[in-house]
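Please find one structure pasted underneath; my questions will follow.
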Amino acid sequence: MSQHSTSQTDIDAYASYVAKQSPDERLAERGGWILGIAFTLYSALVTYLAAIGFFASIDVRFFAATVVATMAALTISYFTVPSIRAFVERLGPYGLATFHIWRIGAALGFLYYGSQGWLPDIFVSLAGWGDMLAGVLAAIVIILPRSPRLVAGMHIIGFADFIVAVGTGLTLQLLAVPAMANIALLPIALIPLVGVPLSGASHIAAFHLIWKQRQGQ
């Protein structure tokens, strides 16, 4: 009896919570669920493919195309799917900036691989330290009082690192630099396959939101 009452109380509380939400809030929440579920399924798929050596066995251009296509899909969904756009707008440039603290972990991974000779030195120097800078800036955004200039600066530097890292990695793969082949193997493969597309798309969305704010929209 007590368990039933508790369950009914939880249901009533949730119903009250939903009723109090504005249509925009419900739209944003739905967008968060759609984006979260879709990207989780994608992440599970590429993790499985990397685990069985699929990406290591195919043309490097397909690996690069997977990263670019995923980022493009995320970016297009932001601009075309109202619920996903509402969710990202609720996060805002600040919320998107704080997400990039994950790049500290990515940097440490790159630096470790470089110390073992598993990735080319030039890639580690550019992508590793660039990610470290972006991640530290994200941490600073979290720690310091909110500053639109600091948030914008983090996104600019973070996106510049994104371009340099992706460009360097693609160039080294096309040149068939031996150590670069390890980027397609787990666990480091999760950085370009999962983290990079999400980071790139989040920067683009942030730039659009910053532009809208400055236009007074």
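The values are calculated or read from the model by the stated rules, or taken from the named source; none is laboratory data. The structure presented is a predicted model; accordingly, all values stated were derived computationally and were not measured. No Cβ is skipped: glycine too gets one built from the backbone with ideal geometry, and neighbour counts run over all protein chains shown.
Going through the stretch 197-216 one residue at a time, which ones are surrounded by fewer than 17 Cβ atoms within 10 Å (Cβ to Cβ), more than 17 Å from ALA160 (Cβ to Cβ) and of a type in the set (A, V, I, L, M, F, W, C)?
Within the stretch 197-216, just TRP211 meets the criteria.
Oh, and also: Can you pull out the residues in the stretch 30-78 that are loosely packed, with under 14 Cβ neighbours inside 10 Å and not hydrophobic (A, V, I, L, M, F, W, C)?
GLY36, THR40, TYR48, GLY53, SER57, ASP59, ARG61
When the residues of the stretch 173-189 are filtered to those that are at pLDDT 90 or above and part of a helix (DSSP H, G or I), which remaining residue is farthest from PHE110 (Cα to Cα)?
Only one residue fits best here, namely PRO178.
From the residues in the stretch 56-74 that are in a helix (DSSP H, G or I) and over 19 Å from LEU198 (Cα atoms), which one is farthest from the chain's Cα centre (by Cα)?
Restricting to residues being in a helix (DSSP H, G or I) and over 19 Å from LEU198 (Cα atoms), the top hit is SER57.
Rundown of residues vs (1) aromatic (Phe, Trp, Tyr); (2) at pLDDT below 95, yes/no style:
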{"site": "SER22", "(1), (2)": "no, yes"}
{"site": "ILE37", "(1), (2)": "no, no"}
{"site": "LEU49", "(1), (2)": "no, no"}
{"site": "ALA56", "(1), (2)": "no, yes"}
{"site": "PHE62", "(1), (2)": "yes, yes"}
{"site": "VAL81", "(1), (2)": "no, no"}
{"site": "HIS100", "(1), (2)": "no, no"}
{"site": "PHE110", "(1), (2)": "yes, no"}
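Residues in the stretch 84-103: is at least one under 18 Å from the mean Cα position of the chain (by Cα), of a type in the set (Ser, Thr, Tyr) and surrounded by 15 or more Cβ atoms within 10 Å (Cβ to Cβ)? Working first, answer last.
Here is the first cut: in the stretch 84-103, the residues under 18 Å from the mean Cα position of the chain (by Cα) are 84-103.
Cutting the leftovers down to of a type in the set (Ser, Thr, Tyr) gives us 94, 98.
Right, trim to surrounded by 15 or more Cβ atoms within 10 Å (Cβ to Cβ) and you get 94, 98.
Among the residues of the stretch 84-103, at least one is under 18 Å from the mean Cα position of the chain (by Cα), of a type in the set (Ser, Thr, Tyr) and surrounded by 15 or more Cβ atoms within 10 Å (Cβ to Cβ), which makes the answer yes.
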